[in-house]
Structure formats: structure tokens, C-alpha cells
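Below you'll find the structure, written out as C-alpha cells, and then a few comments.
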Amino acid sequence: MTQEQQKIQAEIREEGIAATETTLDTAVDTNDPEALYEILVHSIHKYHPSDDLSLVRRAFEIARDAHKDQRRKSGEPYIIHPVHVAIILANLELDKESIIAGILHDVVEDTQMTLEELKAQFGGEVALLVDGVTKLTQLSWSKDKMELQAENLRKMFLAMAKDIRVILIKLADRLHNMRTLEYMSGPKQNEKATETMDIYAPLADRLGISKIKIELDDLCLKYLEPLVYDELMENLDIRKEKREAFVEEIVAEVKSHMDEAEIQADVYGRVKHLFSIFRKMVNQGKTLDEIYDIFAIRILVDSVKDCYAALGIIHELYKPIPGRFKDYIAMPKPNMYQSLHTTLIGTNGQPFEIQIRTYDMHRTAEYGIAAHWKYKESGSSTGVNREEEKLSWLREILEWQQDMSDNREFLSSVKTDFNIFSESVYCFTPSGDVKALPNGSTPIDFAYSIHSAVGNKMVGARVNEKLVTIDYELQNGDRVEIITSQNSNGPSRDWLKIAKSAQARNKINAWFKTQNKESNIAKGKELIDRYCKSKGILFGELNKTAIVEKVLRKYGFRDWDSLLAAIGHGGLKEGQIINKMLEEYEKQAKKEITDAAVLSTLSSNENTPPTQIKSKSGITVKGMEGLAVRLSKCCSPVPGDEIVGFITRGRGITVHRTDCINVMNLPDIERSRLIDAEWQETAEASATYSAEIKIFAQNRVGLLVDISKIFTERQIDIKAMNTRLSKQEIATISMSFETKNRDDLRSLVEKLRQIEGIVDIERTTG
């Protein structure tokens with residue numbers, strides 16, 4: 001029996017029958033740094049060949065002294081956090097350099113210690129890792145959350161390209177922060193859990209580190225859905241004895257049949273982690289009792305041949321459920337995961353899942369990319385071996401960064417890539433190579449997975465030797481042949497709607513950027529002109545140097561032509577740019593309106609001084625007494641908006657937003673009727689004002705439900721809603737509702753922008 005097998009068997013004995021997935025930390029109830037350090041040393045000695053941990057001890061002492069005056073939110077000494085991070089890294093069996101960097105990962109950012117001092121003490125490798133982790137947290141908080149998240153991702157992937165251990169340390173840091181999230185405020189808990197669910201858990205999955213991914217998932221569920229989490233824990237605990245008896249019976253039966261067939265195997269049982277169960281309940285619309293594979297039996301064997309032999313025995317022993325067999329050995333997941341999965345019916349009618357894998361596959365499934373770290377006797381790392389080359393998606397993402405200047409587009413692509421990762425379809429090239437593609441992929445996705453040149457020259461496809469349309473949905477096992485032609489004019493814009501993979505869409509976009517820049521610039525100008533005319537906006541007033549420079553800086557373009565080209569090829573929406581320019585215009589070009597002209601025109605009594613007229617709507621205007629004041633319905637101003645009054649003929653004063661189309665397009669002769677107006681500082685806190693917005697979104701099932709949910713959560717009553725759908729499947733949703741002020745409205749709009757498929761949101765301006 002190999003050392004690896006002995007170690008895994010020991011882990012199985014520690015895990016116990018029917019246990020949940022193991023975590024990456026020892027259960028420790030201590031705030032004593034020295035006691036924690038001893039646990040760290042014990043964790044390192046389990047796998048590391050070197051007994052010399054002097055550098056680890058020195059790192060601990062330096063970090064302890066550097067953080068001596070700092071406390072965490074829980075009140076415990078700050079040093080507790082980096083030592084826990086190091087223990088997590090040790091349980092991933094990383095090299096000493098990574099563990100030292102884990103202990104020191106906050107000293108440069110939070111203390112007086114410099115990177116140069118760190119390098120002198122521990123060498124360039126440790127300094128590089130600490131610097132990489134530090135840079136991931138040094139972000140500009142002046143940006144909106146989506147911009148911030150996108151920049152964080154960009155830095156993360158660049159750090160991965162330099163040394164993937166930086167991300168492993170960052171994941172360990174996030175895991176311990178999630179474990180201690182209970183000491184944060186409610187909004188902070190929600191923010192961190194959402195970010196972890198969107199980015200860090202899928203990233204751990206991409207790297208194949210199920211030990212981290214599983215625990216992050218469950219912790220996110222605990223804070224995002226606390227009632228569901230508590231109910232699942234309670235229900236699983238109620239059934240614990242029955243479950244353990246069932247699993248023990250299956251394990252004993254399977255083990256005896258393995259022994260009879262003379263297959264050396266370790267067999268143990270477990271219950272799937274909570275988030276996995278919850279996701280199945282939501283996706284399948286079922287209760288806990290109706291979920292098939294809450295129970296899982298795992299069989300570990302020596303060789304691939306034994307995996308398939310064990311599968312044959314299992315299928316003789318139990319009745320398999322049709323369509324519930326997956327062979328990830330022949331077709332591994334992109335994160336290197338390999339195993340045989342089959343769902344069966346037990347003798348008592350209870351469904352359960354069996355996973356069959358070799359010991360090496362088990363190690364890769366648990367530790368992912370971290371499983372491939374090897375050590376020299378001296379303790380220095382040799383780095384990741386050729387297995388890292390399998391992470392082709394990382395190289396693709398790094399290529400996207402060069403092509404995408406818009407952070408929102410980049411973030412959307414990465415999240416899409418993460419979301420579709422777990423649902424793949426496997427197809428073959430004519431030469432027998434396997435391509436893993438997102439579920440629902442088409443020949444377009446297949447072509448671009450081979451090479452950009454193949455996709456750009458594609459004119460058709462054969463699937464299983466039959467001609468198919470380019471929107472044909474590929475199935476598992478399809479043999480796909482791409483037909484190309486040198487006379488092809490390149491991809492069509494319609495392909496962007498058909499392609500399912502972020503890789504294909506980004507390569508199509510890149511082609512349009514490079515091949516048709518001049519025509520894209522012209523089209524971008526046309527789209528902006530058309531948008532401004534439809535909204536009654538004078539583009540000349542917005543096209544100021546200061547405004548243009550701010551917009552270029554926000555979206556990362558060098559010049560205006562590049563931004564126009566991005567609009568022309570569809571990478572940016574013209575409304576998105578114009579609305580940003582309007583926002584800057586509001587800040588920089590406030591209208592200066594005096595009441596002198598109005599008073600001289602409308603008041604025959606030139607000696608009568610202007611008076612303050614207070615309205616019930618919380619507005620103060622300068623003008624003549626006795627005039628009624630009301631809010632205009634064309635632009636629906638709310639407190640916080642810049643406003644101006646307009647003296648009507650016989651209907652008093654109407655108050656408009658200064659960016660209202662009707663005001664901006666007033667003839668010069670009518671501008672004499674404009675009068676200063678402002679919001680009263682003593683307006684009632686309970687007062688609400690009518691507001692109207694337009695939402696532009698890609699049409700999909702559940703869109704209105706997602707929008708309504710946000711209004712319900714904020715206890716906002718929707719007064720009216722109107723929707724229409726264009727031929728391009730773009731939904732325009734007009735909504736009227738009550739709000740207190742501009743800040744509340746802006747907060748609502750930012751929340752709505754986070755909904756999947758939302759293209760743009762704008763307020764009605766007339």
C-alpha cells in the first residue's frame with residue numbers, strides 16, 4: 001500500500017461514516033497564538049519531508065509582533081487570523097513559502113513593515129507572494145461596486161498568471177474571513193457572502209479545490225439564506241441515525257462484493273454538503289425528501305481498470321437510474337476532476353449516488369491545482385507541474401483582458417464562464433479530441449474552441465456526418481466537423497446571439513474590432529446621433545473636453561474614436577455613454593437662471609420685491625405671490641434633483657428637472673418664464689414623490705419576477721408598469737412608483753442594474 005493510500009485511509013477513518021465533506025481546518029477553540037502555531041506545525045509535519053521550520057517560526061514571531069496592537073472584530077488578537085490562514089494552506093499541503101506568505105500576508109498592508117524588509121528576511125519568493133496578495137486588496141473605493149469587482153478580478157487573474165499560489169493564499173484568507181463573518185454587521189455579511197458566492201467559490205471550483213469550494217458554498221448559504229440553512233441542518237440531524245444505518249449497510253455490502261471480486265478498495269459514505277442539497281431543491285423544485293442523491297458512497301481503487309470493474313459490480317448489485325451515469329474519467333471536467341458517477345436504487349427504494357475513482361483522482365478532486373505541488377528535501381517549491389497547463393480557461397481570460405476595456409463586459413463574461421462551468425457538454429473533433437463546452441453550445445462555440453481562425457472562416461458544420469444549421473444545439477458525444485472557406489467574410493453579428501460560450505463571443509467581438517474599425521466608428525456616431533435625437537438631447541452641449549475625458553477614463557479608452565468603435569461593434573451601449581455624459585454635464589454645467597426677466601415681464605409692479613413661495617410638494621420658488629406650484633409629470637423631479645420653475649399661462653408654476661427635454665428645448669422667447677426653484681430643507685421625511693424609469697433588458701423568463709422582487713424587498717409600491725418587446729428581443733419596461741429622494745432612487749437603480757440581462761436604465765426626461 002502506498003503512502004498516499006495510507007494517508008487517504010487515515011482521512012477516511014477521521015471523517016467517519018456518513019460524514020459531510022471535510023473542512024480545511026482543525027476544530028480549534030482557542031485564542032492562544034502559541035497553541036494555534038503548534039497546530040500549524042503539526043499540520044505541516046503530516047506531509048512535509050523537512051523538519052526545519054525555523055523560517056516558519058520566524059515568520060510567526062514577526063507577524064505576532066507586527067500585529068501586536070491590532071484586534072479583529074471579534075475582539076481576539078489579529079495574529080489569530082494569519083495563523084488560521086496558514087493552517088488552511090498547510091491542510092492543502094502547500095510548500096513552506098506559501099505558508100510563510102500566508103502568515104505574513106497582512107504585514108505590508110496593515111503594519112509598518114516594508115516589502116524590502118520582508119525580502120531581506122525571507123527571500124524574493126515569499127516577498128513576491130505577499131506583494132501579490134497585498135495588491136489584490138489595494139483597490140480604489142471611489143468606483144461603483146461592479147467596476148470595483150471587475151478590477152479585483154482583473155488583478156486576481158494577472159496574479160494567477162505570475163504565480164497561482166497568490167490565489168490559493170487569497171482563497172485561504174477569504175475562507176477564514178467567512179468563518180468569522182458572524183462578527184460583521186448584517187449588510188457587510190450580505191455583501192461579503194454575495195461576493196464570495198459570485199467570485200471566490202466558483203474560482204475555487206475552477207481550480208478544482210473542492211475542500212475550499214464546498215465550505216465557502218455552505219458558509220454563503222448560512223448568511224444569504226439563514227432560515228433555509230437552519231432548516232436543512234435540523235432536518236439532516238433528525239434523520240442522522242437512520243441515514244447512518246442506511247449508509248453503513250450499503251458500505252458493508254459494497255465492500256464485501258469488492259473483496260469477492262478481489263478488487264482492493266476503500267469504501268465510505270457521506271452526505272452531500274448543504275449548498276449542493278439546497279441547489280438541487282431549488283433547481284428541481286423538490287423537498288428534501290424528494291432529492292435523489294443526498295447520500296453518496298465513494299469507492300477508491302488503485303487503477304482506472306479497477307474503476308470500471310467496480311462499476312460493473314455495482315450495476316449488477318443495484319438497479320441504476322437511467323440517465324444518471326456520468327463518466328468524468330474518459331471526459332474530465334476542465335478543472336481536472338475525474339470520477340465515475342452513477343445513481344442507484346437501494347434495496348429499500350432509497351436512491352443514492354456512488355462515486356468511483358482512483359486514489360490519485362481523489363487527491364486531485366479534493367485539492368485541485370494544489371495537489372500538484374512537489375517538494376525538494378530542502379523545502380523549496382518546484383512549483384506547479386504540467387497539470388497547470390490544463391487550466392486553459394485562465395489563458396483565455398487573460399486574453400479577454402486585452403480585448404475588453406469595459407469592466408462590466410469583462411465581469412459579465414467571467415461570471416458567465418463560471419456559471420456555465422458546472423454544466424458542460426462533451427463533443428469530439430474528427431480526430432477524436434474531446435472539447436468541453438457550455439451546455440447548449442452550438443457549432444459556433446465548437447469552432448472557436450479549436451482556434452479563432454477556424455471560427456472566423458466557418459461557413460457550416462457537420463454533426464455525426466450530417467449537415468446542421470449553425471444554431472444546432474450540441475449533445476454529449478456528438479462528432480463535429482467544422483466546414484471552413486477562405487472566401488468567408490467572417491462572422492456575422494447574429495452569431496453573438498447564438499454563441500453560448502464567453503470564449504466564442506469574445507473572439508467574435510475581437511474580429512469586429514480589428515476588421516471593421518472605420519465602419520464601427522461611423523456606426524457608433526450614427527447610433528449616438530440617433531439616440532440623442534430620440535431623447536431630445538443636444539449632443540453638442542455634452543461634447544465638452546472635460547466631459548469626454550472623464551467618460552474615456554471611466555471606460556478605459558485612449559481616444560473618442562476607440563469608444564465610438566466599441567459602440568459600433570456592440571461592446572458598449574450608446575445610452576450608457578450618453579447617460580454618463582449627462583451625469584457629468586449636470587455636475588459641470590449647472591444652469592444659471594435668474595428671476596429678473598420673469599418678474600419684469602409678468603409683474604407690472606416693478607417695486608414689488610420677489611417673495612418666497614412655499615408649496616405643499618416641499619419646494620421653494622422665487623416669484624410672485626398667489627401662484628400654485630406643482631411638479632411636472634413629464635420628468636417627475638424628486639428631492640436631490642436640480643430643478644427649475646416654469647411660469648405657465650393660467651396654471652401657476654410647474655417644476656421640472658434641469659435636464660428635462662421640454663426645458664432644454666424651450667425656445668429663447670419662452671426661457672424668460674424660467675425661475676429659480678429649490679427643495680425645502682425642512683421637507684417632511686415621510687413625503688414621497690412620483691418617479692418614472694425605463695429599463696432596457698435582454699428578454700428572458702423570470703425577468704419581471706426579479707425586478708418586482710427588488711421593489712417588494714424595498715417596500716416600494718409600483719403604480720404603473722408597461723412593457724414592450726423589440727424584434728431583437730430587447731424588452732423596454734416603463735415603471736412608475738413613489739420614492740423619497742434622488743439617493744433612494746439611485747440606490748434602487750444600482751440594485752436593478754445587478755439583475756441578469758439588464759442592459760441600461762434611464763429616468764424619463766420628458
**OP:** Using amide H atoms built 1.01 Å from N in the peptide plane, name the residues 5+ places from V759, or on other chains, whose amide H lies under 5 Å from its own.
**Re:** F696, A697, Q698
Original post:
Roughly how many Å is it from the Cα centre of the range 717-757 to that of the range 31-56, as a whole number?
Top reply: 55 Å
Original post:
In sequence order, what are the phi-derived ³J(HN,Hα) couplings for the range 244-249 according to the Karplus relation 6.51 cos²θ - 1.76 cosθ + 1.60 with θ = phi - 60°, rounded to whole Hz, with x for glycine and proline?
Top reply: 4, 5, 5, 5, 4, 5
Original post:
Hey, rough spin-label estimate for A522 and A261, points 7 angstrom out along Cα→Cβ, what's it come to in nanometres?
Top reply: 6.8 nm
Subject >> Spin-label model distance (nm) - H45 vs R530, 7 Å beyond Cα toward Cβ >> reply: 7.3 nm
**OP:** Output ³J(HN,Hα) for the range 35-42: one whole-Hz value per residue in order, computed from phi by the Karplus curve 6.51 cos²θ - 1.76 cosθ + 1.60 with θ = phi - 60°, and x for Gly and Pro.
**Re:** 5, 5, 4, 5, 5, 4, 4, 4
Subject >> Calculated FRET value between R553 and K240, using beta carbons and R₀ = 51 Å, to 0.05 >> reply: 0.30
**OP:** Quick one: which residues, 5 or more positions from L631 or on another chain, have an amide H under 5 Å from its amide H? H modelled 1.01 Å from N in the peptide plane, none for Pro or chain starts.
**Re:** V655
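What pairs in K333/K466; K727/K751; K170/K280; K497/K525 have C-alpha atoms more than 25 Å from each other? Write down the numbers at each step before the final one.
Values: K333/K466 28 Å; K727/K751 27 Å; K170/K280 29 Å; K497/K525 23 Å.
As for pairs spanning more than 25 Å Cα to Cα, those are K333/K466; K727/K751; K170/K280.
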Subject >> Rough spin-label spacing in nm, given labels placed 7 Å along Cα→Cβ, for A120 and T194 >> reply: 4.5 nm
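Beyond 26 Å, what share of the Cα-Cα pairs of the range 187-296 remains, rounded to the nearest whole percent?
Values: 1946 of 5995 pairs.
So the pairs more than 26 Å apart make up 32 percent of the total in the range 187-296.
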**OP:** Hey, can you grab everything whose amide H is under 5 Å from the amide H of R479? Only 5+ residues off in sequence or another chain; H modelled, so Pro and N-termini drop out.
**Re:** F428, N464
Subject >> Hypothetical label at V459: residues of the range 471-504 whose amide nitrogen lies under 17 Å (7 Å Cα-Cβ projection) >> reply: 481-492
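Run the accessible area of the range 243-357 with a 1.4 Å probe and give the carbon-and-sulfur part as a rounded percent.
51 percent
Calculate, for S708 and A252, the FRET efficiency according to 1/(1 + (r/R0)^6) with r their C-beta to C-beta distance and R0 60 Å; round to the nearest 0.05. Before the final figure, lay out each step's value.
On the way: r = 52 Å, r/R0 = 0.87.
With a Förster radius of 60 Å, E is 0.70.
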**OP:** Might you tell me the accessible area per residue for the range 176-288, computed with a 1.4 Å probe and given in Å²?
**Re:** 47 Å²
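From the Cα gyration tensor of the range 687-763, with a ≥ b ≥ c the square roots of its eigenvalues, which class applies: rounded if a/c is under 1.5, or else prolate if a/b is larger than b/c, or else oblate?
Verdict is prolate for the range 687-763.
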Original post:
With a ≥ b ≥ c the root eigenvalues of the C-alpha gyration tensor of the range 627-732, is it rounded (a/c under 1.5), prolate (a/b larger than b/c) or oblate?
Top reply: oblate
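Just want to confirm a number: the relative contact order over the range 454-570, from Cα pairs under 8 angstrom separated by 6+ residues, in percent. Could the numbers behind the result be given before it?
On the way: 115 pairs, mean separation 28.6, N = 117.
Computed value for the range 454-570: 24 percent relative contact order.
At a 10 angstrom cut-off on C-beta neighbours, averaged per residue, how do the peptides 295-303, 667-675, 125-133, 222-230 rank from highest to lowest? Could the numbers behind the result be given before it?
Numbers: 295-303: 20.6, 667-675: 13.8, 125-133: 22.7, 222-230: 15.6.
Going by the mean number of other Cβ atoms within 10 Å, highest first, we get 125-133, 295-303, 222-230, 667-675.
The values are calculated or read from the model by the stated rules, or taken from the named source; none is laboratory data. Since this is a predicted model, take the numbers as computed values, not measurements. Ideal geometry is used to build each Cβ from the backbone, glycine not excepted, and the neighbour counts take in all protein chains shown. Ligands, DNA and RNA are excluded from the accessible area calculation, which covers all protein heavy atoms including side chains. Shrake-Rupley method; radii C 1.70, N 1.55, O 1.52, S 1.80 Å.
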